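S.K.: Structure in structure tokens, see below.
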Amino acid sequence: MANPKLKTKEAELIEKLKSGDPDAVAQMYNANVDRVYSLVFNQVDRDHEAAQEIVQEAFLAAVKSVKYFHGRSSIFTWLCSIANRKVADFYRRKKREAKHRADYAVEPEQVQDIDESAVSLAESAESNAAIRQVLSSLPLHYRQALVLKYVEGFSVSEISEIMVRSQKSIEGLLTRARKELQAKLATQSEG
């Protein structure tokens with residue numbers, strides 16, 4: 001049963017998707033592809049081809065599993081959750097191939113709670129590269145949480161749905177991720 005918070009239009013779309021309506025699939029895709037692509041693109045080394053492939057995989061997985069979607073979240077949040085798992089699969093494959101590297105466009109001002117010494121590093125010309133390098137060295141779940149929060153602008157509640165974790169878990173994860181990012185930026189600014 002669909003969540004009463006879902007708009008009637010979205011609930012109708014879900015029912016059409018479950019009935020296999022190809023127009024509903026196109027409608028879901030067109031309404032969400034750009035935002036899902038942006039989310040994925042910022043998590044996969046800003047690699048256009050990889051992002052396109054992952055988005056395609058995510059939408060195919062969504063169409064195949066729509067019968068299990070209960071409408072407890074919006075379609076977009078559900079798609080982000082699927083895309084997030086596909087990103088994790090991408091990094092597992094990439095790690096096996098020993099080509100793990102990340103390149104995010106994150107401005108230091110987007111990440112809160114960074115001490116002044118780290119911010120002073122970020123103000124230099126090399127700041128974006130330094131942040132991308134540090135982000136690439138973080139564990140995937142830290143990187144995903146930070147990108148979802150500070151690049152994509154998701155709330156803790158939305159991140160918890162996407163990453164399939166409790167809100168408390170996400171709050172703790174963000175705290176640990178920010179601390180590790182801060183410590184690595186501080187270390188880099190000293191060296």
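S.K.: Which condition from (1) crowded, with 20+ Cβ neighbours inside 10 Å; (2) over 17 Å from Glu161 (Cα atoms); (3) more than 13 Å from the chain's Cα centre (by Cα); (4) at pLDDT 80 or above is the one that Val55 breaks?
M.R.: It is condition (3) that Val55 fails.
S.K.: For the stretch 13-52, give me each residue that is of a type in the set (A, V, I, L, M, F, W, C) and open to solvent by 60 Å² or more (accessible area, probe 1.4 Å).
M.R.: Ala31
S.K.: Working only within the stretch 74-100, note down all residues that are of a type in the set (Ser, Thr, Tyr) and part of a helix (DSSP H, G or I).
M.R.: Filtering the stretch 74-100 for residues of a type in the set (Ser, Thr, Tyr) gives 74, 77, 81, 91.
Once the filter is applied, which keeps residues that are of a type in the set (Ser, Thr, Tyr) and part of a helix (DSSP H, G or I), the stretch 74-100 yields Thr77, Ser81, Tyr91.
S.K.: Name the pairs whose Cβ atoms lie under 7 Å apart, with the first residue in the stretch 161-175 and over 21 Å from Leu79 (Cβ atoms), the second basic (Lys, Arg) and part of a helix (DSSP H, G or I), and 6 or more positions between them or separate chains?
M.R.: Sorted first by the residue in the stretch 161-175, then by its partner, the pairs are Leu174/Lys149.
S.K.: Could I ask something else about it? Right, Val164: closer than 19 Å to Val40 by Cβ and open to solvent by 70 Å² or more (accessible area, probe 1.4 Å) or not?
M.R.: On the way: closer than 19 Å to Val40 by Cβ: yes; open to solvent by 70 Å² or more (accessible area, probe 1.4 Å): yes.
Judged against the criteria, Val164 is a match.
S.K.: Still on this structure: Go through the stretch 166-191 and count every residue that is at pLDDT below 90 and of a type outside the set (Gly, Ala, Ser).
M.R.: Kept after step one, since they are at pLDDT below 90, are these residues of the stretch 166-191: 181-191.
Keeping just the survivors that are of a type outside the set (Gly, Ala, Ser) gives 181-182, 184-185, 187-188, 190.
Residues that pass the stated criteria total 7.
S.K.: Related question: Can you name the residue in the stretch 21-73 that is of a type in the set (D, E, K, R) and in a helix (DSSP H, G or I) and, of all such residues, is farthest from Ala145 (Cα to Cα)? Before you say what the answer is, go through the steps one by one.
M.R.: So in the stretch 21-73, the residues of a type in the set (D, E, K, R) come out as 21, 23, 34-35, 45-47, 49, 53, 57, 64, 67, 72.
This time we only want the ones that are in a helix (DSSP H, G or I), so: 23, 34-35, 49, 53, 57, 64, 67.
Working: Asp23: 33, Asp34: 20, Arg35: 17, Glu49: 22, Glu53: 21, Glu57: 21, Lys64: 26, Lys67: 28 Å.
Across the stretch 21-73, the extreme among qualifying residues is Asp23.
The values are calculated or read from the model by the stated rules, or taken from the named source; none is laboratory data. Not measured: the values here are computed from a predicted model. All Cβ positions, glycine included, derive from the backbone under ideal geometry; neighbour counts span all protein chains shown. In case anyone asks, the SASA skips ligands and DNA or RNA and just uses the protein heavy atoms, side chains included. Shrake-Rupley method; radii C 1.70, N 1.55, O 1.52, S 1.80 Å.
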